[in-house]
Amino acid sequence: QVQLVESGGGLVQPGGSLRLSCATSGIVFNIYHMGWYRQIPGKQREWVALITNAGNTNYADSVKGRFTITRDNAKKTVYLQMNSLKFEDTAVYYCKGSWRGEEYWGQGTQVTVSS
């Protein structure tokens, strides 16, 4: 059974930091490309960051320079370090694993940036 479980969300003030984790099981983690997405109620889910199975990274322009995606293949976990958080980063954050047309999503973790 495939499981992706996000954690690390919460309430943070503008300018603060959070580190999200996505622990996986049931997949051969090291061959999967891993991504983070986010969604605000009433809006489409948007892509945030990607790390390939080779460790190459890419970011949405809105988070570039503030967010960092990393992976630990031994722990089968992908992380999203979020710094300099802004009000507009408030969303439910989801991780996704993908490989050759297969996709798996986590259940999401809420990030709220508020003063």
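Averaging sequence separations of C-alpha pairs under 8 Å and six or more residues apart, then dividing by the length of the chain, give the relative contact order as a whole percent.
Numbers: 278 pairs, mean separation 41.5, N = 115.
Answer for the chain is 36 percent.
Percent antiparallel among DSSP beta bridges with both residues in the chain, to the nearest 5?
Values: 39 of 42 bridges.
Taking every DSSP beta bridge within the chain, about 95 percent pair in antiparallel fashion.
Simple spin-label model, 7 Å along Cα-to-Cβ: Gln13 to Gln44 in nm?
Simple spin-label model gives 3.6 nm for this pair.
Would you mind classifying the chain by shape? Square roots of the alpha carbon gyration tensor eigenvalues, ordered a ≥ b ≥ c; an a/c under 1.5 is rounded, otherwise it is prolate if a/b is larger than b/c and oblate if not. Walk me through the numbers on the way to the answer.
On the way: a/c = 1.79, a/b = 1.64, b/c = 1.09.
In terms of gyration-tensor shape, prolate.
How much accessible surface does Leu18 have with a 1.4 Å probe, in Å² rounded to 10?
Leu18 exposes around 30 Å² with every protein chain in place.
Cross-link candidates for Lys96: which aspartates and glutamates have Cα within less than 18 Å, leaving aside residues fewer than 8 places away along the same chain?
Counting by Cα, and skipping residues close in sequence, Lys96 has these aspartates and glutamates nearby: Glu6, Glu46, Asp72.
Label region 8-74 by shape, choosing from rounded, prolate and oblate, from the square roots a ≥ b ≥ c of the eigenvalues of the Cα gyration tensor; if a/c is under 1.5 it is rounded, and otherwise prolate applies when a/b is larger than b/c, oblate when it is not. Please report the intermediate quantities before stating the final value.
Details: a/c = 1.61, a/b = 1.59, b/c = 1.02.
Prolate is the answer for region 8-74, as a/c is 1.5 or above and a/b outweighs b/c.
Springs between alpha-carbon atoms under 10 Å, Gaussian network over the chain: tell me which of Gln13, Gln44, Gln81 tops the mean-square fluctuations.
Looking only at Gln13, Gln44, Gln81, the largest GNM fluctuation is found for Gln44.
Can you list the residues of region 1-34 with backbone N under 17 Å from a point 7 Å past the Cα of Arg66, pointing along Cα to Cβ?
Only 9-20 fall inside the zone, counting backbone N under 17 Å.
Rounded to the nearest 10 Å², what accessible area does Lys96 have for a 1.4 Å probe in the complete protein model?
Surface open to solvent at Lys96 totals about 30 Å².
Given the whole protein assembly as supplied and a 1.4 Å probe, what does the accessible area of Tyr104 come to in Å², nearest 10?
70
Heavy atoms only, 1.4 Å probe, whole protein assembly: order Arg19, Arg38 by accessible area, highest first.
Numbers: Arg19 130, Arg38 15 Å².
The residues order as Arg19, Arg38, largest area first.
For the chain, modelled as a GNM with alpha-carbon contacts under 10 angstrom, which of Glu102, Glu46, Glu88 fluctuates the most?
It is Glu102.
The values are calculated or read from the model by the stated rules, or taken from the named source; none is laboratory data. Bear in mind that the values here come from a model prediction, so they are computed numbers and not experimental data. FYI the Cβ positions are ideal-geometry reconstructions off the backbone, even for glycines, and counts take in every protein chain you see. We work out accessible area using only protein heavy atoms, side chains counted, and drop any ligands, DNA or RNA first. Shrake-Rupley method; radii C 1.70, N 1.55, O 1.52, S 1.80 Å.
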